[in-house]
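Asks: One structure follows; several queries about it will come next.
The values are calculated or read from the model by the stated rules, or taken from the named source; none is laboratory data. Note that the coordinates shown come from a computational prediction; the quantities given were computed from them, not determined experimentally. Glycine also receives a Cβ, built like all others from the backbone with ideal geometry; neighbour counts cover every protein chain displayed.
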Amino acid sequence: MTNSFTDYKNTDIFLIIGSNPAEAHPMAMRHIGKALAKGAKMIVVDPRFTKTAAKADIYVPLRPGTDIAFLYGLINYAVENDLYQHEYVHNYTNASYLISPDYNFADGVFSGLEEKDGKLSYNTASWAYQKDGDNIKKDPTLQDPRCVWQIMKKHVSRYDIKTVSKVTGTPEDILQKAYATYCESGKPDVAGNLIYVLGITQHSYGTQNTRATTMVQLLLGNVGLPGGGLNPQRGQSNVQGACDVGMLWNNITGYLNVPDATKHPTYKDYLAVETPKTGYWSNKPKFLASLLKAWYGEKAAKENDFCYDWLPKSDGKDHSHMSSYVSLAEGHIKGVFCWAENPSVAGPDASHEAKALENADWMVCVDLFENETAAFWKRPGVNPADIKTEVFVLPGALIYESEGTRTNSSRHIQWRWKAVEPPGQAKSSLWIADRIFKAVRQEYRSGGKFTDPILNMVWNYDKPGQDGPDIEKIAIEMNGYNVADGRVLGTFGDLKDDGSTACGIWVYAGYYYVDPNEQDPLLKIPATKRHGTEDKSGLGVYPKWTFAWPVNRRIVYNRCSADPAGRPWKKDKPYMVWDGTKWIANDVPDFGITDAATKAPVPPEKTANAPFIMLPEGQARFFVPAGLKEGPMPEHYEPVESPVKNLISKQQNNPMAKRWGGEFAKLAETGSKEFPYVATTVHYIEHYQTGVRTRNSPMLVELMPEQFATISPTLAGNLGIKPGDEIIVSSARAEIKMKANVLPIVKPLIVNGSPIEIVSLPWSWGYMGLSKGSIGNDLTPFIGDANVVVPEYKSFLVNIRKA
Ligand SMILES: Nc1nc2c(c(=O)[nH]1)N[C@H]1C(S)=C(S)[C@@H](COP(=O)(O)OP(=O)(O)OC[C@H]3O[C@@H](n4cnc5c(=O)[nH]c(N)nc54)[C@H](O)[C@@H]3O)O[C@H]1N2
Ligand SMILES: Nc1nc2c(c(=O)[nH]1)N[C@H]1C(S)=C(S)[C@@H](COP(=O)(O)OP(=O)(O)OC[C@H]3O[C@@H](n4cnc5c(=O)[nH]c(N)nc54)[C@H](O)[C@@H]3O)O[C@H]1N2
Ligand SMILES: [Mo]
């Protein structure tokens, strides 16, 4: 999230799209409620009339998978009616940049699509900025047909309200009202807050959906302001932290790309390929050197490239969840560690994923319960004697039974103390990881292949008299320290590329720091443990409450809260103000306000042309010149399983969507008569995810005891189904039984003249626990987004019949 939950109270208009905070983020809903109580407006865009929608001023129903059409309709409306934030677009975005004359877009396909050995990919050369030496060519008048503004204007002009309505199934008058209302946030002093979650991301073009939300917020000048921003509310309590510490398959810690054997065989190659000349990422060598120093300690020196050669290198292929399961199914993986995960319920086309596990020789599950994944060898329909996989279940401690930080969506790294001891033999993940590492190292002491990285890895977390590692030592390593004297670092500004500093996660630098000169008793403890409730500005900043990465900054890109001359766009909520001689900052600025050497104030003109500090060009992108797999701008495609032909172009699907063969290739065809309804899968407040924790809780099971599909009264009528009847829901992958929940929260939408029924399914059931049910994900398609390979859980085809 660019902003924080405590900032939501500053919002004037919410656009909540593909997110149902009333159920999935109830505490966030409370903060939304604070703004609504003060008169803020709320628009909810969702195929279902959700509990969040029940509180909205405008509810916009739409067909699952058509968000780009909706959002482009909004952009087109803002441009056509001149409702966008001119000064913001001119100064803070790449609207004026000129694009290569070779760039072209025709009938759903961008220039550069190439086929090699039956595989499609985009050559992005024609998407590049035009350059004059190192300088990007621009047209400040925004008139040049080759400038980003004109290219975008033309691109979105195809998405007029009539066309959008035909695609999304949203009535035209509702689109008109929603667009007019949200475009009010295009006024400089009105803050629009765009909140999204899985309704946007879980599609074969999920990345492009998120890109479209960004374009809307830039156009209306909503990024960097209090009450504004792009706020994808994260999922599990520490999923933000998991990403920060490198749990994504394509990142190491702090969002550094995984070293790649071909692209970066050496340290010098890594730095040459990965370090831009300008923007904050130009500091990358300091982050990587400090990281290697933290991991390899005394062995890491400038002369040996800080032991970069010891890092494992990727083969450059996709190793996402889905690809890993394909490898497993093909017999390339011998052993599986399943740590606090239940993929046999959570993964797409789950019955085939469970079958793939049979190919592993062994599997270790670390969990609170024996979940469906740990129990895959005795799942319904298989004979345990036929399955050779040896399964070990290690009992894990719950979050309240162990100490450590959890990072929330607001990037707050919050310390949690242990409340109770774990029961029986259960141990914290840290304790288990420590034992496993030490046991592996012990094995390597007697030899093996390439023992250096294992034998020399820094692993000095023992504490005399304590069973298990000292978490404080780990916290300090993550935070970063001065190598010579162990001094804990206050900011990543102190990191060096010469081996004099060590730091596990550069974005976390400062979270465990205490200023020795600090007088305020509230601040005499590490930042992450602070609970100060002071909010001097009244804007919900709370600088003494825990630590928000980066550098305790609560709103990122906050230079954009003021105009180029440093006058706040929102006069009633000034965030960063140039008072004529100096800056008054209500948050940690992410731009220079005083000169480091002279301490003189830096006038606003100096920082007005590069407020987006993480981009080499310093200005935000409507058009992305390289790096995305399927185009420099989004384009509407149909979900891979769709009831209709693409009305916008001849290109039916995202040409770059990830598909696989074999067992995982089962799909319904476009307009299938066999599977005529559009299904989506959703989260409910009563159950959590795969339901392992909640289906083992008697009270929650009492609240929501059984699995059900929600269908409209019209569909129920047509099929002769009454509320509570048992029904069979089928897809090209499987068929499963559940109860019918007949409610007008879903209604048929008129798509290009014909009604399309929508079915909403929970996916939190399985065959273990107190409440048992079938696995919703047996139905979902094995299709992934082109860039991040998130499965297409939110739109696929099903049929329904009475059981
Ligand atoms: N109680 C509880 N809380 C949870 C969870 C839980 O399981 N239970 N899960 C946690 C996790 S890990 C996550 S990631 C979050 C998920 O939080 P959310 O993403 O808010 O939850 P979902 O219900 O998956 O999806 C949000 C909404 O998207 C709508 N939707 C479906 N398809 C589309 C589409 O194509 N376009 C649009 N615009 N909307 C669509 C759905 O109808 C739904 O109302 O919740 C977290 N919080
Ligand atoms: N169809 C469909 N599928 C989806 C989604 C969807 O919207 N639709 N949503 C997706 C999303 S956003 C997510 S995040 C995934 C979630 O998928 P999972 O992460 O696999 O689901 P969870 O139920 O959260 O499983 C976590 C497991 O960890 C265990 N656990 C919990 N706390 C601890 C702990 O402290 N220590 C240990 N050792 N174990 C612990 C639980 O008992 C449980 O077995 O599902 C995805 N799958
Ligand atoms: Mo999630």
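Asks: Keeping to the stretch 707-755, report how many residues are within 34 Å of the chain's Cα centre (by Cα) and not in a strand (DSSP E or B).
Replies: Total satisfying the criteria: 13.
Asks: Kindly list the number of the only condition in (1) assigned to a loop (DSSP other than H, G, I, E, B); (2) of a type outside the set (S, T, N, Q); (3) touching a Gly at 6+ places or on another chain (Cβ under 9 Å); (4) surrounded by 15 or more Cβ atoms within 10 Å (Cβ to Cβ) that fails for residue 499.
Replies: Going through (1) assigned to a loop (DSSP other than H, G, I, E, B); (2) of a type outside the set (S, T, N, Q); (3) touching a Gly at 6+ places or on another chain (Cβ under 9 Å); (4) surrounded by 15 or more Cβ atoms within 10 Å (Cβ to Cβ) one by one, residue 499 breaks only (3).
Asks: Tell me, yes or no, whether the stretch 87-99 has at least one residue that is closer than 27 Å to residue 410 by Cα, assigned to a strand (DSSP E or B) and under 25 Å from the mean Cα position of the chain (by Cα).
Replies: For the stretch 87-99, residues closer than 27 Å to residue 410 by Cα, assigned to a strand (DSSP E or B) and under 25 Å from the mean Cα position of the chain (by Cα): present.
Asks: Follow-up question, since we're still on this one. In this structure, does residue 686 turn out to be within 15 Å of ligand 2 (Cβ to nearest atom) and among the acidic types (Asp, Glu)?
Replies: yes
Asks: Return a yes/no flag: does the stretch 402-412 have any residue that is assigned to a loop (DSSP other than H, G, I, E, B), away from ligand 3 (no atom under 16 Å from the Cβ) and free of Cβ contacts under 8 Å to residues at least 12 places away in the same chain.
Replies: no
Asks: While we're on this one: Which condition does residue 766 not pass, out of (1) within 14 Å of ligand 1 (Cβ to nearest atom); (2) part of a strand (DSSP E or B); (3) of a type outside the set (Val, Ile, Thr), if it passes all the others?
Replies: (2) is the only condition that residue 766 fails.
Asks: Would you mind finding the one in 198, 225 that is over 13 Å from the mean Cα position of the chain (by Cα), buried (at least 20 other Cβ atoms within 10 Å of the Cβ), under 25 Å from residue 31 (Cα atoms) and among the aliphatic types (A, V, I, L, M)?
Replies: Only one candidate qualifies: 225.
Asks: Can you confirm whether residue 194 is in a helix (DSSP H, G or I) and either over 30 Å from residue 301 (Cβ atoms) or not assigned by TED's automatic domain parsing to the domain that holds residue 785 (or both)?
Replies: Criteria not met by residue 194.
Asks: Then there is this: Give the residue that is surrounded by the most Cβ atoms within 10 Å (Cβ to Cβ), with candidates limited to residues of the stretch 603-630 that are out of contact with any Lys or Arg (no Cβ under 9 Å at 6 or more places or on another chain) and without any contact (Cβ under 8 Å) to a residue 60 or more places away in the chain.
Replies: 603
Asks: Suppose we keep only residues that are within 15 Å of ligand 3 (Cβ to nearest atom) and aliphatic (A, V, I, L, M) within the stretch 228-244. Which one would you say is surrounded by the fewest Cβ atoms within 10 Å (Cβ to Cβ)?
Replies: 239
Asks: Starting from the stretch 226-245, keep only residues that are free of Cβ contacts under 8 Å to residues at least 24 places away in the same chain, then list their pairs with residues that are within 10 Å of ligand 3 (Cβ to nearest atom) whose Cβ atoms are within a distance under 9 Å, requiring at least 6 positions of separation or different chains.
Replies: Every condition considered, the pairs that remain are 242/236; 243/234.
Asks: Something else: Given the condition acidic (Asp, Glu), away from ligand 2 (no atom under 16 Å from the Cβ) and part of a strand (DSSP E or B), answer yes or no: does some residue in the stretch 266-281 qualify?
Replies: Looking for residues that are acidic (Asp, Glu), away from ligand 2 (no atom under 16 Å from the Cβ) and part of a strand (DSSP E or B), one finds none in the stretch 266-281, hence no.
Asks: If you go through the stretch 387-401 one residue at a time, how many are closer than 30 Å to residue 554 by Cβ and either in contact (Cβ under 8 Å) with a residue 24 or more places away in the chain or crowded, with 20+ Cβ neighbours inside 10 Å (or both)?
Replies: Number of matching residues: 2.
Asks: What are the residues in the stretch 771-795 that are within 10 Å of ligand 2 (Cβ to nearest atom) and of a type in the set (Gly, Ala, Ser), if any?
Replies: 776
Asks: Which condition does residue 700 not pass, out of (1) without any contact (Cβ under 8 Å) to a residue 24 or more places away in the chain; (2) surrounded by fewer than 19 Cβ atoms within 10 Å (Cβ to Cβ), if it passes all the others?
Replies: (2)
For (1) buried (at least 20 other Cβ atoms within 10 Å of the Cβ); (2) in contact with a Pro (Cβ under 8 Å, 6 or more places away or on another chain); (3) more than 21 Å from residue 235 (Cα to Cα); (4) small (Gly, Ala, Ser), each residue gets a yes or a no:
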| residue | (1), (2), (3), (4) |
| --- | --- |
| 308 | yes, yes, yes, no |
| 333 | no, no, yes, no |
| 342 | yes, no, no, no |
| 359 | no, no, yes, no |
| 376 | yes, no, yes, no |
| 385 | no, no, yes, yes |
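Asks: Let me ask something else about it. With respect to the numbered conditions (1) on the phi > 0 side of the Ramachandran plot; (2) within 16 Å of ligand 2 (Cβ to nearest atom), which one is the sole condition not fulfilled by residue 342?
Replies: (1)
Asks: Condition test on residue 585, is it among the aliphatic types (A, V, I, L, M) and within 20 Å of residue 756 (Cα to Cα)?
Replies: no
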